[in-house]
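Have a look at the structure below before the remarks.
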Amino acid sequence: MSGYWVFLIVLTGILIIFLSVLFLIKKTRRVKISPYEEALISLIEGKEEHALKKLQEAVFENSDNVEAYIRLAELLRKRNEPLKALQIHKYLLARRGLSRKTLNKIQIQTVMDYIELEAYKKATDILKKLLKSEPQNEQYYKFLLLNYEKSSLWNEAIETFRKMVKLFNYPKENQLNYDVYAAYEANKKGDKDWAEKVLKRILKIQPDNIPALIFTGDINYSTGNIDEAIRLYKKIISIDSESGYIIFPRLMKAYYEKGEFEKIEETYKGVLENIPEDNKTTIALAGFYQKMGRLSEAHELLKNGVETNPDSIDMNLILLLTELELEKSNAVSILRHIIDIYSKKELYECNRCGAVSKEYIIRCPKCGEWETYKLKRKK
C-alpha cells in the first residue's frame, strides 16, 4: 500500500473521531437558560423558594426586565410581604419610558398591594384614575368592587355592581343577588341595621327571594325574635321544599329554643306529604324521633325509607343504629360516634369551581358565581 493511501486512511480516521466527539459534546451539553426562565419554570412547578431566588437574580442581572420585577413583587405579596411588593411597584412607576399598558399593569398590582395592606382609600384613588382613562375596563371595576367589599363600604359596592350590570350586560337578577350577598356580609361584620334595611327592600321587590328570606330569618333568630324567624323559615319550605337541607337545622334549633317539639314533627311530616321520597326529611324526622326516645317510630320510618331508597348510606346507617338501640347493643355508642363524625363532614360545595364552605352562602367567593353551593360531604 502506498504512502498516499495510508495517509488518507489515517486522516479519515481522525475526521471520524473528531466528528464523533463533536456529536457527543453537542448531545450532552445542556442549553443554558436565564435566571428569569428558571424562575418561570419553578413557578409552574410550585417551587416558590427557588423561583424567588431566581427572580432576584434576574432583576440583578438585568434591571430592565420589568416583567421579572412584577413577578417578584407578586410572589412577595403571595408570601405575605405586601410592603416589599409595594416598594418594587413604586420603583417601577418612577421609571420613564414604560408603555401605558405596562404602567396600568403595575398600577393594578399596586392596588392589590394596598388592599393587602388595608390601605383601601389609596387603592380607590388609583382605580378611579384608571377608570377615567378606561371607563369600560371590567377588570378595574372588579378590583374597585373588591376594594369596597374589603373596606365594608357596602353602599358604594352595591352602586359599583349596579354600574357593572349595565356596562357588561350581566343578568339583571344578579343585582338582587348581589344586594343579598352584601347584606349577608355586612351583617357578619356587625352592621345588622344596614343589612336588615337592604333585605327588607329586596323582599319588597321579590317576596319569594329564598336567600333574602334565609338571612332575614337568621338575623331575627340572632336578635331573639324567634317567632319571626320560624315564620320565615316555614315560608321558605312552602316555597321550595328542596331547601329543607338548609332550613331544617335552623328550624329545629328555633323550635327547641321555644320548647315546641311537636311543631318540628308537624313540619317534617308536612314536607313528606308533598315529597314522600325526600331522604333528608326522612332522616331528619327519624333523628327527631330518636332524640325524643320514640325509637320504634324512628325504626318504622327508616325501614320504609330504605325500601324506597335502598342505596342511601345515611338512611341505612341510622336504621342500623336504631335497631341496635332497640336491642340495647353495646355497639350503639360506637356507631353513634361514627354517625356524629360522619355528619360533621357535611359541607357546601360550589358546583362551578369546587370551592367549599361550612355554611350555605349565596355567592361563591372563589369564582363569583351565584347560588351554586350544594350540600356534599368531605371525603
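Residue pairs whose Cβ atoms lie under 8 Å apart, separated by 6 or more positions or on different chains, with the first residue in region 249-268 and not assigned by TED's automatic domain parsing to the domain that holds Tyr360 and the second surrounded by fewer than 16 Cβ atoms within 10 Å (Cβ to Cβ) and among the aliphatic types (A, V, I, L, M), are Phe261/Met292. Annotation: of all residues in region 63-79 being in contact (Cβ under 8 Å) with a residue 24 or more places away in the chain and not in a helix (DSSP H, G or I), the one that is surrounded by the fewest Cβ atoms within 10 Å (Cβ to Cβ) is Arg79. Is there a residue in region 133-151 that is over 25 Å from the mean Cα position of the chain (by Cα) and within 30 Å of Glu196 (Cα to Cα)? No, there is no match, as no residue in region 133-151 is over 25 Å from the mean Cα position of the chain (by Cα) and within 30 Å of Glu196 (Cα to Cα).
Residues that are under 26 Å from Tyr114 (Cβ atoms) and surrounded by 22 or more Cβ atoms within 10 Å (Cβ to Cβ) occur at least once in region 185-204.
Counting the residues of region 188-212 that are part of a helix (DSSP H, G or I) and not aliphatic (A, V, I, L, M) gives 10.
Just to be sure before I move on: is Ile318 at pLDDT below 80, out of contact with any Cys (no Cβ under 8 Å at 6 or more places or on another chain) and under 24 Å from Arg250 (Cα atoms) in the structure I sent?
no
Filtering Gly305, Gly244, Gly287 for residues that are out of contact with any strand residue (DSSP E or B) (no Cβ under 6 Å at 6 or more places or on another chain), touching a residue at least 40 places away in the same chain (Cβ under 8 Å) and buried (at least 17 other Cβ atoms within 10 Å of the Cβ) leaves a single hit, Gly244. If you check Asn274, Asn279 for being surrounded by 14 or more Cβ atoms within 10 Å (Cβ to Cβ) and modelled with pLDDT under 85, only one passes: Asn279. Checking each residue in region 149-184 for being exposed (fewer than 14 other Cβ atoms within 10 Å of the Cβ), among the charged types (D, E, K, R) and over 19 Å from Cys364 (Cα atoms) picks out Glu159, Lys166.
Looking only at region 230-242, residues that are over 25 Å from Gly259 (Cβ atoms) and in a helix (DSSP H, G or I) come to 3 in all.
Considering (1) touching an Asp or Glu at 6+ places or on another chain (Cβ under 9 Å); (2) within 21 Å of Leu86 (Cβ to Cβ), the lone condition that Trp154 does not fulfil carries the number (2).
Candidates in region 247-271 are the residues that are surrounded by 13 or more Cβ atoms within 10 Å (Cβ to Cβ) and basic (Lys, Arg); of these, the one that is nearest to Leu302 (Cα to Cα) is Lys263.
Count of region 39-60 residues, restricted to those that are among the charged types (D, E, K, R), at pLDDT below 85 and assigned to a helix (DSSP H, G or I), is 0. Across region 294-307, a minimum of one residue is classified as touching a helix residue (DSSP H, G or I) at 6+ places or on another chain (Cβ under 9 Å), at pLDDT 85 or above and either among the β-branched types (Val, Ile, Thr) or not in a helix (DSSP H, G or I) (or both).
Quick check on region 357-375: of everything there that is surrounded by fewer than 14 Cβ atoms within 10 Å (Cβ to Cβ) and not in a loop (DSSP other than H, G, I, E, B), which residue is modelled with the highest pLDDT? Looking at residues that are surrounded by fewer than 14 Cβ atoms within 10 Å (Cβ to Cβ) and not in a loop (DSSP other than H, G, I, E, B), I get Lys374.
The values are calculated or read from the model by the stated rules, or taken from the named source; none is laboratory data. If you're wondering where the values come from, they're calculated on a predicted model, not measured in any experiment. For neighbour counting, all protein chains shown are included, and Cβ atoms are generated from backbone atoms with ideal geometry for every residue, glycine included.
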